[in-house]
Amino acid sequence: MKSDFLVIGSGIAGLSFAIHAAKYGTVTVLTKGQALESNTAWAQGGISAVLDESLRASGDNYDKHVADTLDAGAGLCNEEAVRTIVESGMDTIEDLIAAGVEFDHAHDDESQFALGKEGGHSKRRILHCKDTTGLEIAKALITTAEKHPNIQILEHHFAIDLLTTAKLGIATEDRAVGAYVLNEKTGKVKKFRSDRVLLCTGGSGKVYLYTTNPDSSTGDGLAMAWRAGATIANMEFAQFHPTCFYNPSATGAKARSFLVSEAVRGEGAILINEKGDDFTLKHDARGSLAPRDIVARAIDHEIKKTGAACVYLDVTHKPKGFMQERFPHIYNTLMSFGHDCEKDPIPVVPAAHYQCGGVATNVDGRTTIRGLYAVGEVACTGLHGANRLASNSLLEGNVVARRALVDILKTFPLDKKALTEIPIPDWETGNVTPPDEQVLISHNWDEIRRLMWDYVSIVRTDNRLNRAARRLRNLRKEVREFYWGNTVNSDILELRNLVATGMLIVDCATRRKESRGIHFTLDYPNRNEAYLSDTELRRF
Ligand code: FAD
Ligand code: SIN
């Protein structure tokens, strides 16, 4: 199959790009599972943006949003990228409204947007649709994209590997030229050809045992880019969200991974321990609304010190009906688990949430491979540095998608010549037998996720990282055997990508001999300015 643009992933990044690119050529959007299965659709709190002069509330401005982002990023943000993205906030809001998103308006003034607050933000600047902002955005973008005659969304199409001229042995400068893709319904692998390839595959939360992410977040794009030879950066900065609902009896990913938005703390909820003390104040004067790395570490410390299974998010002091009105999705979901958050504090624990590092790009999404762009959570533009500021990622996904299109149209114009013919061999797989050892595959899945949680999560040491590296190397060997010994299916492919993601996190974490932002190690508990640079990994 051929198209002018090949987009892998149907979250905010992929769909924002597709909708704009369709004005210039044909767009194929591939997505594993269904189009609505994405981190985007699960986003709750909202999207940060400093609105234009007439709409700005409470004295906010670009400089303040930039300063908050840099502060959370602990010295590692690329300030130019931060400024570019922050200053495009209003364009993003207009773009999403044009796609059909209806952001909430203030109760007392319908001409103003309602603005929420989250950890690390000095001002109210989070636009939202109650507490299902991501779902509203995802639905609006999918509907808009589906209506466009130039866009084809192919669900259940799992991208396995990128096609590059180097991999195909074609002697030119290395270029991305497409991807091998598994049709999850038929089990057949097809070749998708394009001169403009976008990786928009989201993050990798599933590499950890506990995560707020949907099942699709298995680091596929990251691993594909790595195998293709792209530079990867800052993978040690895996962000943990402080408040995932603690639900030990839960079955199913949705129930185990249920997030209680930081926006709830923005409206006055506080974190307390079993005795009812606000322990976060001992760690930062901003208490429950300090940046995420600080709050997640404070909780981890409290749990380890007291031996408790969780801490609590207390919202019982708010007027009755407040949660139902402002956070109906959270309120109703907790009720469905038998918890009335207006009566009892919510049990919470930290869980893996966001990949701050990724495929290294500039602020236009360009990777180190020509014709390959990475946008959204899969990418590392320099916006987040060592710790992402809440609600900056939906913003980044839309801004960089629009910038990538401008860059692509300049660099790989469509009016020149149509797609060049490139001989692409059929997909080569190992021994074509159906997988008969599903139990081993599941076992490896669990083992990776558990060891990443035990050794490479909120608090690290050299010893734990070395142990993780050793076990991951063994697992990688076993996974290679599965991969080459069986007919491919999504489970094997995801397992292969999870191992690669785990190794990239451990390799980056091992190189950073300091504590900064999210990366905290007991062996080097302080910042060391000798490490004031990105951790970059290149395969060849
Ligand atoms: P995604 O939305 O994750 O989309 C990735 C897509 O790629 C999916 O469709 C997936 O199926 C597809 N895909 C993956 N691998 C393959 C493959 N091999 N082949 C084909 N398709 C593939 N951020 C905010 O800014 N504000 C918030 O309020 C907020 N709340 C959040 C709440 C939760 C519970 C979670 C999990 C995240 C939240 N985030 C929030 C983070 C934010 O949602 C994500 O960073 C953002 O949506 C990522 O968008 P994306 O387009 O890069 O990727
Ligand atoms: C949340 O609503 O707490 C998530 C916000 C984010 O991750 O940006």
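Pairing residues of segment 306-318 that are touching a residue at least 60 places away in the same chain (Cβ under 8 Å) with residues that are among the hydroxyl-bearing types (S, T, Y), at Cβ distances under 9 Å and at least 6 apart in sequence or on separate chains, gives A309/Y246; C310/Y246; L313/T243; L313/S288.
Scanning segment 13-29 for residues that are closer than 23 Å to S490 by Cβ and part of a helix (DSSP H, G or I) gives A13, G14, L15, A18.
Scanning segment 4-18 for residues that are surrounded by 24 or more Cβ atoms within 10 Å (Cβ to Cβ) and either more than 6 Å from ligand 1 (Cβ to nearest atom) or not small (G, A, S) (or both) yields F5, L6, V7, I8, I12, L15, S16, F17, A18. Considering segment 357-370, the residues that are crowded, with 24+ Cβ neighbours inside 10 Å and assigned to a strand (DSSP E or B) include one that is nearest to the chain's Cα centre (by Cα), namely G358.
Go over the candidates S217, S261 one by one and state the one that is at pLDDT 95 or above and in contact with a Lys or Arg (Cβ under 7 Å, 6 or more places away or on another chain).
So the residue among S217, S261 that is at pLDDT 95 or above and in contact with a Lys or Arg (Cβ under 7 Å, 6 or more places away or on another chain) is S217.
In the set (1) outside any loop (DSSP other than H, G, I, E, B); (2) of a type in the set (K, R); (3) within 13 Å of ligand 1 (Cβ to nearest atom), R403 fails one condition alone, (3).
Working carefully through the options T243, T201, find the one that is within 27 Å of L168 (Cβ to Cβ) and buried (at least 24 other Cβ atoms within 10 Å of the Cβ).
T201
Of the residues making up segment 127-143, those that are within 12 Å of ligand 2 (Cβ to nearest atom) and touching a Ser or Thr at 6+ places or on another chain (Cβ under 8 Å) are D131, G134. Of the residues L162, L141, which single one is among the hydrophobic types (A, V, I, L, M, F, W, C), in contact with a helix residue (DSSP H, G or I) (Cβ under 7 Å, 6 or more places away or on another chain) and part of a helix (DSSP H, G or I)? Within the list L162, L141, the selection yields L141. Can you tell me which residue within segment 156-189, out of those that are among the charged types (D, E, K, R) and at pLDDT 95 or above, is surrounded by the most Cβ atoms within 10 Å (Cβ to Cβ)? Among those residues, the one meeting the criterion is D161.
The residues in segment 114-155 that are within 30 Å of T280 (Cα to Cα) and in contact (Cβ under 8 Å) with a residue 60 or more places away in the chain can be counted, and the count is 18. Find all pairs meeting these conditions: Cβ atoms under 7 angstrom apart; at least six residues apart or on different chains; first residue within segment 234-248 and within 13 Å of V207 (Cα to Cα); second residue among the basic types (K, R) and not in a loop (DSSP other than H, G, I, E, B). Every condition considered, the pairs that remain are Q239/R292. Taken across segment 357-364, residues that are under 30 Å from L522 (Cβ atoms) and within 15 Å of ligand 2 (Cβ to nearest atom) do not occur at all. When segment 167-217 is limited to residues that are over 26 Å from V456 (Cβ atoms), hydroxyl-bearing (S, T, Y) and out of contact with any strand residue (DSSP E or B) (no Cβ under 9 Å at 6 or more places or on another chain), the one that is farthest from ligand 2 (Cβ to nearest atom) turns out to be T172. Considering G46, G73, the condition of being under 22 Å from G205 (Cβ atoms), in contact with a Ser or Thr (Cβ under 6 Å, 6 or more places away or on another chain) and within 16 Å of ligand 1 (Cβ to nearest atom) is satisfied by G46 alone. For segment 109-132, the criterion of a residue being of a type in the set (A, V, I, L, M), modelled with pLDDT of 95 or more, closer than 28 Å to S490 by Cα and surrounded by 22 or more Cβ atoms within 10 Å (Cβ to Cβ) is satisfied by no position.
To keep it simple, each residue is scored yes or no on (1) in contact (Cβ under 8 Å) with a residue 24 or more places away in the chain; (2) charged (D, E, K, R); (3) part of a helix (DSSP H, G or I).
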| residue | (1), (2), (3) |
| --- | --- |
| Y483 | yes, no, yes |
| D491 | yes, yes, yes |
| N497 | yes, no, yes |
| A500 | yes, no, yes |
| M503 | yes, no, yes |
| T510 | yes, no, yes |
| E514 | no, yes, no |
| D523 | yes, yes, no |
| N526 | no, no, no |
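Check whether at least one residue in segment 341-352 is crowded, with 22+ Cβ neighbours inside 10 Å, basic (K, R), modelled with pLDDT of 95 or more and within 30 Å of E302 (Cβ to Cβ), and report yes or no. Within segment 341-352, not a single residue is crowded, with 22+ Cβ neighbours inside 10 Å, basic (K, R), modelled with pLDDT of 95 or more and within 30 Å of E302 (Cβ to Cβ). Would it be correct to say that A263 is touching a residue at least 60 places away in the same chain (Cβ under 8 Å), over 24 Å from E514 (Cβ atoms), touching a helix residue (DSSP H, G or I) at 6+ places or on another chain (Cβ under 8 Å) and outside any strand (DSSP E or B)? No. Within segment 451-474, can you find the residues that are surrounded by 20 or more Cβ atoms within 10 Å (Cβ to Cβ) and within 30 Å of E428 (Cα to Cα)? Passing the criteria: only L472.
Can you find, within segment 325-364, the residue that is nearest to ligand 1 (Cβ to nearest atom) among those that are over 30 Å from V406 (Cβ atoms) and among the acidic types (D, E)? Looking at the filtered set, the residue picked out is E325. Yes or no: I441 closer than 25 Å to I492 by Cβ, at pLDDT below 95 and in contact with an Asp or Glu (Cβ under 7 Å, 6 or more places away or on another chain)? In short, yes. Residue-level check: of (1) within 20 Å of Q34 (Cβ to Cβ); (2) assigned to a strand (DSSP E or B), N213 misses just (2).
On inspection, L394 qualifies as within 15 Å of ligand 2 (Cβ to nearest atom), outside any loop (DSSP other than H, G, I, E, B), of a type in the set (A, V, I, L, M, F, W, C) and crowded, with 24+ Cβ neighbours inside 10 Å.
Each residue in segment 343-356 was checked for being within 16 Å of ligand 2 (Cβ to nearest atom) and over 18 Å from the mean Cα position of the chain (by Cα), and 3 of them qualify. Of the residues that make up segment 222-232, is at least one over 14 Å from the mean Cα position of the chain (by Cα), among the aliphatic types (A, V, I, L, M) and either in a loop (DSSP other than H, G, I, E, B) or surrounded by fewer than 24 Cβ atoms within 10 Å (Cβ to Cβ) (or both)? So far as segment 222-232 goes, yes, one or more of its residues are over 14 Å from the mean Cα position of the chain (by Cα), among the aliphatic types (A, V, I, L, M) and either in a loop (DSSP other than H, G, I, E, B) or surrounded by fewer than 24 Cβ atoms within 10 Å (Cβ to Cβ) (or both).
The values are calculated or read from the model by the stated rules, or taken from the named source; none is laboratory data. Not measured: the values here are computed from a predicted model. In this analysis, Cβ positions are derived from the backbone assuming ideal geometry, glycine residues included, and neighbour counts consider all displayed protein chains.
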